[in-house]
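What follows is one structure encoded as structure tokens, with my remarks underneath.
The values are calculated or read from the model by the stated rules, or taken from the named source; none is laboratory data. The structure displayed is predicted, hence computed values, not measured ones. As a convention, Cβ positions derive from the backbone with ideal geometry for all residues, glycine included, and neighbour counts pool all protein chains shown.
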Amino acid sequence: MIATTSLPELVCVGLTVSGTWQELPKAVPAGWERLFAAAPEAENFLEVSRRQGDGTYAEFLGFLAAGKTEIPDSLERHVVAPGRYLRLRHDGPLADIAGGFARLHAHAEAAGMTAGALKLDFGYRRGLPDTPHELYLGIAPEPLALGGSASG
């Protein structure tokens, strides 16, 4: 079931992998392995995806962290601003996650919502097993409606 929800600001620590759609199937798993090695105690992993203007993708692979979490030298801090999202639980294999995001995009279009460029994917585990994932597609805020009447 697809639902609309809001998320607060998320502080993440991790690394960025960039590439074309065709390069990501090799670059992203290699990035996860680098992250797992650099942060052996970390949990609560997520992927933050943003399509770039030049057609490439920037994939931030990381874990949720407190604002004062010490950042290992090989990693960076990334903050995801609060926002509204469409949410879908994905219970299939990792290879089918793109299909889940396609469902979210189709739902946004059918509902007259404007999908943003930001996607969040929670549920990664060490070894990259096929575990349940929570998929989030950023949506643009609805315009504020003008209410009341002006008296003059």
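Please specify each residue of the stretch 2-52 satisfying the condition of being among the small types (Gly, Ala, Ser) and within 14 Å of LYS119 (Cβ to Cβ).
The one that is among the small types (Gly, Ala, Ser) and within 14 Å of LYS119 (Cβ to Cβ): SER49.
Answer yes or no as to whether ARG84 is within 15 Å of the chain's Cα centre (by Cα) and of a type outside the set (Phe, Trp, Tyr).
So ARG84 fits the description; yes.
For the stretch 17-51, give me each residue that is under 20 Å from LEU135 (Cβ atoms), in contact with a strand residue (DSSP E or B) (Cβ under 8 Å, 6 or more places away or on another chain) and not aliphatic (A, V, I, L, M).
TRP21, GLY31, TRP32, GLU43, ASN44, PHE45, GLU47, SER49, ARG50, ARG51 - these are the residues of the stretch 17-51 that are under 20 Å from LEU135 (Cβ atoms), in contact with a strand residue (DSSP E or B) (Cβ under 8 Å, 6 or more places away or on another chain) and not aliphatic (A, V, I, L, M).
Report, ordered by the first and then the second residue, all pairs with beta carbons closer than 7 Å, sequence separation of six or more or different chains, a first member in the stretch 38-60 that is more than 13 Å from GLY19 (Cβ to Cβ), and a second member that is part of a loop (DSSP other than H, G, I, E, B) and among the aliphatic types (A, V, I, L, M).
Partner pairs satisfying both residue conditions: ALA38/LEU75; ALA39/LEU75.
Within the stretch 127-152, work out how many residues are of a type in the set (D, E, K, R) and modelled with pLDDT under 95.
Just the residues of the stretch 127-152 that are of a type in the set (D, E, K, R), to begin with: 130, 134, 142.
From what is left, the residues that are modelled with pLDDT under 95 are 130, 142.
Here the count works out to 2.
When the stretch 1-32 is examined, which residues are found to be among the hydrophobic types (A, V, I, L, M, F, W, C) and within 13 Å of the chain's Cα centre (by Cα)?
LEU7, LEU10, VAL11, CYS12
Exactly one of (1) surrounded by 15 or more Cβ atoms within 10 Å (Cβ to Cβ); (2) modelled with pLDDT under 90 is unmet by GLY67. Its number?
It is condition (1) that GLY67 fails.
Give ALA65, ALA37 a once-over and let me know the one that is farther than 14 Å from VAL79 by Cα and of a type in the set (Gly, Ala, Ser).
Numbers: ALA65 fails: farther than 14 Å from VAL79 by Cα.
The match here is ALA37.
Report every pair of residues separated by at least 6 positions or lying on different chains whose Cβ atoms are under 8 Å apart, first residue within the stretch 108-120 and surrounded by 11 or more Cβ atoms within 10 Å (Cβ to Cβ), second hydroxyl-bearing (Ser, Thr, Tyr) and in a loop (DSSP other than H, G, I, E, B).
ALA108/THR114
Please work out which residue is nearest to the chain's Cα centre (by Cα), limiting yourself to the stretch 33-58 and to residues that are modelled with pLDDT of 95 or more and surrounded by 19 or more Cβ atoms within 10 Å (Cβ to Cβ).
Only one residue tops the list, namely VAL48.
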